[in-house]
1. Of the accessible area of the chain, with the probe set at 1.4 angstrom, what percent is carbon plus sulfur?
2. Taking a probe of 1.4 Å, how large is the accessible area per residue of the chain, in Å²?
3. Setting aside same-chain residues fewer than 8 positions from K43, which lysines have a Cα under 26 Å from its Cα?
4. If packing is taken as the average count of other Cβ atoms within 10 Å, what order do 42-52, 8-18 fall into, highest mean first?
5. Kindly write out, for the range 38-45 in residue order, the coupling ³J(HN,Hα) from the Karplus curve 6.51 cos²θ - 1.76 cosθ + 1.60 (θ = phi - 60°), rounded to whole Hz, with x marking Gly and Pro.
6. At 222 nm, what helix-only mean residue ellipticity would the chain give, in deg cm²/dmol to the nearest 500, using -39500 (n - 2.57) for each DSSP H run of four or more?
7. What distance in nm lies between label points placed 7 Å from Cα along the C-beta direction at V63 and V22?
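The values are calculated or read from the model by the stated rules, or taken from the named source; none is laboratory data. Just so we're clear, the structure is a prediction, and the values are computed from it rather than from any experiment. Cβ placement follows ideal geometry from the backbone for every residue including glycine, while neighbour counts extend to all protein chains displayed. The area values use the complete protein model at the heavy-atom level, side chains included, leaving out ligands, DNA and RNA. Shrake-Rupley method; radii C 1.70, N 1.55, O 1.52, S 1.80 Å.
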Amino acid sequence: NKMAAWEYVYEDASDLVARIPVIAAFIYNLKYRDDKQIDIDPKLDMGANFAHMIGQSEQYKDVARLYFILHSDH
């Protein structure tokens, strides 16, 4: 049914968008940190988790949160 086909595309697109911070952190660590990967911390929010995965300081976690909040409108 063409009316329900978008539901699968929407689910796949949502899965891809959810993985963007993990992919970005992987590329950052590969390029700038000699491939020292850091696992996700399930207790942190998205911004803090991204900062954690790229090995940044506690202060950068607030910057990452602010950045993601300001740009989530787009």
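1. Carbon and sulfur atoms account for 60 percent of the accessible area of the chain.
2. Result: 83 Å² per residue.
3. Leaving aside lysines fewer than 8 places away in the same chain, those within reach of K43 are K61.
4. Sorting 42-52, 8-18 by mean packing, highest first, produces 42-52, 8-18.
5. Using θ = phi - 60°, the values come out as 10, 6, 5, 9, x, 7, 9, 7 Hz.
6. -22500 deg cm²/dmol
7. In this crude label model, V63 to V22 measures out at 2.6 nm.
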